[in-house]
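Below you'll find the structure, written out as structure tokens, and then a few comments.
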Amino acid sequence: MSIKTKLSLIMSLFALVILSLNVVMGYLITRDNLTRNNELNMMLAGKQIALAVEQSRSVYEYIKDQYKEGTNDNIIESTLSLTSPDRITQESIRVNRNIFEITGLTLRNPNELSIQFGTYIYKNDSTDLKSVKEALKTRKSMMKDTKINGKHVLESYIPIMPHNSESYVIRIISSYEPISSALSRVLFNKISTSLVFIQIIIIISSILAGKLTRPIHVILKKVNQLASGSFETRLEVNSRDELGLLSHRINAMANSMSYTTSELRQKNEENQSMKEHLESIINQTADAIHLTDLDGNVIRVNSAFEYLYGWTSEEIVGSRLDFIPSSAGEYRREWRKELELGRPFILSKAVRICKDGSKIDVSISESPIFDEDGKITAVISISRDMTEHNKMEELLRRSEKLTMVGQLAAGVAHEIRNPLTTLRGFLQMQQRAKIINQSHTDIMLSELDRINLIVSEFLILAKPQAVNFQIRDVRFTLGDVISLLDSEAHLHNIEFRAHFSQDPVLVHCEENQLKQVFINVLKNAMEAMPVGGKITIKLDGEDQQHAVITVTDEGEGISKERLQKIGEPFYTNKEKGTGLGLMVTQRIIEAHMGTLAIDSEVGQGTVVTITLPRIEAIEASDGESRIMT
């Protein structure tokens, strides 16, 4: 049902209600007016009858007084009958056909009525006595609408109060038909007029509803255009009411939707382009990519995955691909724990099983995929074939080993050739002279000792020795080394300043090797201070995870170019150095899972920082030791 029809119906129904109320009110008012007029007429008739009755009585008394005794009573009675109350009531009923009965009633006793004149055919025993008493008591006329003997009548009671006689009540029974006829005519006229008005109102309401809903049809047409995706046209409703405001808001909504739709279309094109770009990257990349849900079922694979593992997309999408060797199951559980925490887990090397059962070395990178709520919905895995890479790494390792062996061999040959040349020269001199020179012999022994030192340090690098690791307090180890070197330091005008932690600093170490490290570092610091100075040894115990030892000297310092070469085999600036001491020191620190760092500036001195893993005192109480090679 349209708004126009609804408005027309509402206005018509409203008019119908008003007209219906008008008809009802007109009917009630007319009925009351007719009843009141009838009551006034009955009162007037009753008064006239009462007056006629009084006159009749007066005439009756007068005639009886005028006529002497002996006069014929028949003559008197015939004369008086012409003016009797019964004759008056009969004439009144004959003249007014709407009056059915006139009765003069009085009270013989409190519970019985007495008829003074008229007839009493239309009796209403249940109410007549009560009504007569009430009329006499209130001295006011009253009328009732009732049914007597099957007729709808009006029952009127008019009290009469004569001066010289007993009070009585004239009861008049009149027909209700004149009132009902008048009411029917009035009701017919009212209804006919109302129907005409209803028709006029329906026509007018239809015209007004059409005029009022015309802007709504315009708005509806515009809304339909908006719903179909057309945002170009605009409403032109100039009214300043709610419809005008609604049209302006619809225009604003159309502008906003046009702008938003344009942006969405642009973003959709960008997303489509990005999707095609990503699809191209995924399909063209050389890395094997596959997506799985949280249950491990494959969602998608790229072409590289099909080529690397041998399965096609149709074979594995929707199924669970179990191509991880059973030996790697533990690693897989670790991956899942990492993925559940939302962190990508990367494994540099792994083994996977292909469709034909062969195994392949790959590098795996697994990352979770999140939805808008931050929940993991899938897992993406990227595999890269590491077969050729592993071959290259193996070749590179072999090449590096050969290069290192070559460097060490060249360094050893160079370092040993010099003392051998000296030995050969002195031996040739003694062979020619055939005389043993004691000074030459001392020099030859010194050169042999140098060769032995070079070979010993080289063996430390070439073959790791079995060592016994124990828990030791670094403070005591450093204290022993300082005590050992203190006298030599005084000879060179060097002072040791130690700053140790008050709390124990426990490490797992081979004490002799650790002493060798500290001796090498302190000797290098002493040799860097030819004119003397101070060497500060600090042991920091604040770090609960590491023992940090720093050795700071006031020597000449090391240039950046030399600092980069420190630790290389046989690199030294000392006249009698081998260049293997610092290399041995680094090897010992690495065996203890520690680090060695050197920071130096020319003319500012050098700072050597040694960091070793620290253990808790509780762990040290059990005295556990281990053997490492």
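Assuming 0.36 nm per residue, please report the length gained on full extension of the stretch E394 to I376 beyond their Cα-Cα distance.
My answer for the length gained is 2.6 nm.
Largest first and in whole Å, give the semi-axes of the stretch 3-184's equivalent ellipsoid, each being the square root of 5 times a Cα gyration tensor eigenvalue.
47, 17, 13
Where the convex hull is taken over the Cα atoms of the stretch 272-330, what is its projected area averaged over directions, in nm²?
5.0 nm²
Given K275/K391; K349/K560; K47/K130; K130/K151, which pairs have Cα atoms separated by over 30 Å?
Listed pairs above 30 Å: K275/K391; K349/K560.
Stretch K434-Y27 to full length: gain in nm at 0.36 nm per residue minus the Cα-Cα span?
Difference between extended and current length: 129.4 nm.
Most exposed first by the Cβ proxy, i.e. fewest other Cβ within 10 Å, how do Y307, Y176 rank?
With the fewest neighbours first, Y307, Y176 line up as Y307, Y176.
When a footprinting reagent is the concern and you count Cβ atoms within 10 Å, what order do E554, E155 take, fewest first?
E554, E155
Where in the stretch 122-150 does the amide nitrogen come within less than 17 Å of the point 7 Å from the Cα of T35, taken along Cα to Cβ?
Backbone N within reach: 141-148.
Every read-out reported here was derived from the displayed coordinates using simple, explicitly stated rules and does not represent laboratory data. Worth saying up front: this structure is predicted, and the values here are computed from it rather than measured. Positions of Cβ are backbone-derived with ideal geometry, glycine not excepted, and every protein chain shown enters the neighbour counts.
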